[in-house]
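Written below as structure tokens is the structure these notes are about.
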Ligand SMILES: [Zn+2]
């Protein structure tokens, strides 16, 4: 499996924390769509982080039952939670130091 590469630093990301949970939101971020297990990878130079290495299937989806109860259970167990929220691109305020990608 190829590893993610940092656009800014031109080096591969490295695994930073395995077995985190990604909570994918929908319905304007009011509801949980799916919960996934994955890993956090980090650039050794600039420390940018990315979630990578998802499982093949979510551990739970909204049609499987009460995702909020599952999330509370994971939090109580001390799990690392990352949210994957819906975003409207027009509302994003870009950081001035983002990598410049020439076209
Ligand atoms: Zn970097």
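The alpha carbons of the range 28-82 give a radius of gyration and a Dmax of 13.3, 41 Å, in that order. Of 83, 21, 33, the sequence from fewest to most neighbouring Cβ atoms within 10 angstrom is 83, 33, 21. Remark: relative contact order (the range 13-86) = 37 percent; criterion is Cα-Cα distance under 8 angstrom and separation of 6 or more residues.
Each reported figure results from applying straightforward, stated rules to the coordinates on display, with no laboratory input. The structure displayed is predicted, hence computed values, not measured ones. Using ideal geometry, Cβ is built from the backbone for each residue, glycine included, and neighbour counts are taken over all protein chains shown.
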